[in-house]
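Here is the structure we will look at.
The values are calculated or read from the model by the stated rules, or taken from the named source; none is laboratory data. Just so you know, these numbers come straight off a predicted model, no measurement behind them. For neighbour counting, all protein chains shown are included, and Cβ atoms are generated from backbone atoms with ideal geometry for every residue, glycine included. SASA here: full protein model, heavy atoms, side chains in, ligands and nucleic acids out. Shrake-Rupley method; radii C 1.70, N 1.55, O 1.52, S 1.80 Å.
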Amino acid sequence: MWDVLRAETLILRMGMRLLAVAAVMGVCSVHVMAVPKRVVSMNLCTDQLAMLMADEGQLVSVSHLASDPASSVMVTQAQRYAVNHGLAEEIFVMAPDMVFAGTYTSRASVAMLKRLGFRVEQFEPASSFEDIEKHILRMGELLGRPQRAKELIAEFHRRLAEARGGEALKRPLSALHYANSYTSGAGTLAAEVVDAAGLRNLGSELGLTGTSRLPLETIIISNPDIIAGERLAGEAPALAYETFQHPALKAILGGEPMTGVADKYWVCGGPFTAEAVAILNAARRKVVGQAHP
Amino acid sequence: MKFGLLVGLLVGLVGVLFCVSLGVGPAGLDPVTAFLGLIGIGNRAAELVMQEIRLPRAMLAILVGATLGLSGAVLQGYLRNPLADPGVLGIGASASLGAVLAIYTGLAALFPLALPLAAIGGALIAVSALLLLAGRHATPLMLILAGIAISSLATAFTSLALNLSPNPFAALEIVFWMLGSLTDRSMLHVWLSAPFIVLGCVLLFSLGRSLDALSLGPDVAASMGIRPDRVRLVAVLGTTSAVGAATAVSGTIGFVGLVVPHLLRPLVGSQPSRLLPVSALGGAAAVQAADIAVRVIAPGRDLKLGVLTAIVGAPFFLWLILEQRRRLV
């Protein structure tokens with residue numbers, strides 16, 4: 001009886017030790033692989049961070065969205081890389097030693113690539129300034145460019161500080177109004193941007209979380225000081241955009257255009273997100289009648 | 001039931017639902033504020049919500065519903081086919097295709113009237129194809145098969161057009177075109193569709209006496225001076241004008257045109273000239289009720305109208321098929 005138990009304990013202990021050894025080896029292998037030579041990114045957000053940080057020749061390909069001026073702030077830089085569409089087959093033939101992907105996009109392709117033995121590093125969408133810093137640090141570690149990561153974070157802080165300026169006690173109400181009458185509620189990057197710009201976010205005040213619907217009716221009746229969203233120029237038409245042409249919206253804006261914050265500044269988090277803060281802060285100053293400092 | 005009483009009851013029902021529809025919405029206005037806003041002496045925000053958001057929505061529900069109920073009754077009477085309705089026959093799907101082409105190519109933005117006109121064009125092609133394929137004396141089965149073929153083809157082209165659009169939202173909007181919605185429609189949509197809907201409905205109403213005569217058989221109708229080719233032309237133009245314009249602003253809303261005439265037929269003694277006005281009223285009430293329900297059941301979810309009408313209508317459709325089969329056996 002005791003022998004059996006001892007034997008089991010032994011086996012368990014050996015198992016544990018093996019696991020520990022494996023873990024150490026794992027750590028080692030991570031360490032050895034730490035500087036990848038052929039990196040492919042298949043998600044707009046990792047595209048931009050990788051382009052900001054990768055060493056010369058280290059990044060091979062970025063997704064097609066990186067060269068879409070509506071979504072990406074780095075269209076010119078993206079021209080230097082091969083384009084992928086997040087398909088496993090495309091990535092496979094590029095033979096990368098590290099793949100960057102988002103946690104929500106191209107899930108089937110990511111699962112396939114993992115099965116094929118590729119090292120896939122997934123990044124959650126950034127939902128706060130803290131996330132942006134974490135992502136930059138992690139990307140820096142993975143690419144073997146920690147110094148560059150620190151520089152970028154410093155740049156982000158500097159740009160944020162510039163963008164903020166001139167906060168008053170009065171915090172005007174701002175409604176974020178996107179296509180299909182969607183808005184950003186509490187816990188989103190956009191909500192933090194609005195907050196940093198010295199504004200109150202209508203979505204958060206109404207108890208909405210994440211990206212959810214905020215009907216035009218509710219915006220009108222809440223009478224916000226600022227209505228902000230993407231001002232779409234030269235985009236292909238869709239019913240989703242009809243809400244921007246609605247007579248009720250035009251009436252409450254009093255003939256002024258909506259405060260245009262391009263999607264590209266906050267669909268992904270990066271140092272460039274500070275630009276969204278700057279735009280909204282300028283709109284706030286206009287509302288409270290504050291001159292530019 | 002007395003015809004006058006039935007019409008009165010339905011008018012009352014539509015009126016009550018219209019008022020309820022004006023009172024329902026995410027802004028949560030109390031009735032007094034809502035009423036003052038509607039007549040334009042309340043605060044500015046309430047006025048905008050009532051006049052620019054809720055009023056067009058409630059008006060469109062009535063226009064679209066009346067179109068569907070009336071055209072269903074006319075199609076069922078003219079084709080002498082209990083399964084005929086603009087949705088089943090693919091007229092709605094074809095009108096959607098026309099509207100989709102107008103909107104997503106940017107034509108409707110340059111020239112707003114292109115939207116209802118393109119949808120009417122789509123509907124016209126569908127009806128013509130249907131009459132060519134199945135003819136006036138087609139069996140119900142042939143007609144439904146032709147309708148399914150046209151509907152599938154139009155839906156496929158609609159999906160293709162939406163998928164080819166460079167706009168990332170376009171592909172998702174197939175849901176709107178297949179299930180219909182009146183969310184955040186504006187007065188612009190009312191002005192674009194109402195003239196064509198009214199014109200179409202007037203044409204369809206004018207068919208009452210002819211349909212009465214036709215229900216007695218083609219020979220009797222001919223002896224009463226009814227010209228079948230003229231009736232067909234008016235039915236086609238009326239249906240395409242009204243259904244096309246309605247679909248252009250609301251998407252396709254299924255089952256209303258099928259179910260409403262069936263529910264009301266026993267109450268008017270199967271007389272087409274009496275069925276037409278009550279079906280129009282019944283359709284208006286049905287769509288108005290569905291549009292209230294989508295806002296009450298799932299506020300903030302933007303539930304599509306077709307979801308509700310299908311939940312009520314599809315079981316009815318199945319029952320109708322069983323009835324048909326029993327009659328054929």
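Every condition in (1) open to solvent by 10 Å² or more (accessible area, probe 1.4 Å); (2) within 18 Å of B:Pro168 (Cβ to Cβ); (3) not aromatic (Phe, Trp, Tyr) holds for A:Gly229 except the one numbered (1). State which residue is farthest from the other protein chains (Cβ to nearest Cβ) when the search covers only segment B:175-195 and only residues that are of a type outside the set (Gly, Ala, Ser) and not in a helix (DSSP H, G or I). Applying the filter and picking the extreme gives B:Leu182.
Quick grid of which residues meet (1) in contact (Cβ under 8 Å) with a residue 12 or more places away in the chain; (2) on the phi > 0 side of the Ramachandran plot; (3) within 11 Å of another protein chain (Cβ to nearest Cβ); (4) assigned to a helix (DSSP H, G or I):
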residue	(1), (2), (3), (4)
B:Gly37	yes, no, yes, yes
B:Ile41	no, no, no, no
B:Leu48	no, no, yes, yes
B:Leu55	yes, no, yes, yes
B:Ala58	yes, no, no, yes
B:Leu63	yes, no, no, yes
B:Thr67	yes, no, no, yes
B:Val74	yes, no, no, yes
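Take B:Ala95 and decide whether it is surrounded by fewer than 24 Cβ atoms within 10 Å (Cβ to Cβ), of a type in the set (A, V, I, L, M) and touching a helix residue (DSSP H, G or I) at 6+ places or on another chain (Cβ under 9 Å). Answer is no for this residue.
Does A:Ala191 fit the bill of being surrounded by 22 or more Cβ atoms within 10 Å (Cβ to Cβ), away from chain B (no Cβ under 12 Å) and free of Cβ contacts under 8 Å to residues at least 24 places away in the same chain? In short, yes.
Is it true that A:Glu162 is acidic (Asp, Glu), modelled with pLDDT under 95 and open to solvent by 70 Å² or more (accessible area, probe 1.4 Å)?
Working: acidic (Asp, Glu): yes; modelled with pLDDT under 95: yes; open to solvent by 70 Å² or more (accessible area, probe 1.4 Å): yes.
Yes; evaluated as a whole, the condition is true for this residue.
Tell me, which residue of segment A:62-83 that is closer than 20 Å to A:Glu124 by Cα and in contact with a strand residue (DSSP E or B) (Cβ under 7 Å, 6 or more places away or on another chain) is surrounded by the most Cβ atoms within 10 Å (Cβ to Cβ)? Once the filter is applied, the top-ranked residue is A:Val62. Among residues of segment B:88-111 that are on the phi > 0 side of the Ramachandran plot, those with a Cβ under 8 angstrom from a residue that is surrounded by 24 or more Cβ atoms within 10 Å (Cβ to Cβ), sequence gap 6+ or separate chain, pair up as B:Gly90/B:Ala126; B:Gly90/B:Leu130; B:Gly90/B:Gly147; B:Gly90/B:Ala154. Exactly one residue out of A:Glu256, A:Glu275 is out of contact with any strand residue (DSSP E or B) (no Cβ under 6 Å at 6 or more places or on another chain), more than 9 Å from chain B (Cβ to nearest Cβ), assigned to a helix (DSSP H, G or I) and acidic (Asp, Glu), and it is A:Glu275. Per the conditions (1) modelled with pLDDT of 90 or more; (2) under 25 Å from B:Pro195 (Cβ atoms), the sole criterion not satisfied by B:Gly40 is (1). Under the condition of being within 12 Å of chain A (Cβ to nearest Cβ) and surrounded by 14 or more Cβ atoms within 10 Å (Cβ to Cβ), the residues counted in segment B:142-174 number 11. Across segment A:206-248, the number of residues qualifying as within 7 Å of chain B (Cβ to nearest Cβ), part of a helix (DSSP H, G or I) and in contact with a helix residue (DSSP H, G or I) (Cβ under 7 Å, 6 or more places away or on another chain) comes to 9. Scanning segment B:102-121 turns up one or more residues that are of a type in the set (Val, Ile, Thr), surrounded by fewer than 24 Cβ atoms within 10 Å (Cβ to Cβ), within 12 Å of chain A (Cβ to nearest Cβ) and not in a helix (DSSP H, G or I). Taking the criterion of being buried (at least 24 other Cβ atoms within 10 Å of the Cβ) and over 18 Å from the mean Cα position of the chain (by Cα), the only residue of segment B:263-294 that qualifies is B:Pro272. Considering segment B:9-34, and only residues there that are within 14 Å of chain A (Cβ to nearest Cβ) and not in a loop (DSSP other than H, G, I, E, B), the residue that is farthest from B:Ala284 (Cα to Cα) turns out to be B:Thr33.
Filter segment B:211-262 for residues that are in a loop (DSSP other than H, G, I, E, B), more than 24 Å from the chain's Cα centre (by Cα) and among the β-branched types (Val, Ile, Thr) and give the result.
Our first condition is that a residue be in a loop (DSSP other than H, G, I, E, B); within segment B:211-262, this holds for B:215-217, B:224-227, B:251-255.
Add one more test, that the residue is more than 24 Å from the chain's Cα centre (by Cα), and what stays is B:216-217, B:224-227.
Scanning segment B:211-262 gives a single hit, B:Ile226.
In segment B:124-146, the residues that are modelled with pLDDT of 90 or more form Cβ pairs under 6 Å with partners that are not in a helix (DSSP H, G or I), at six or more places apart or across chains, as follows: B:Ala126/B:Gly90.
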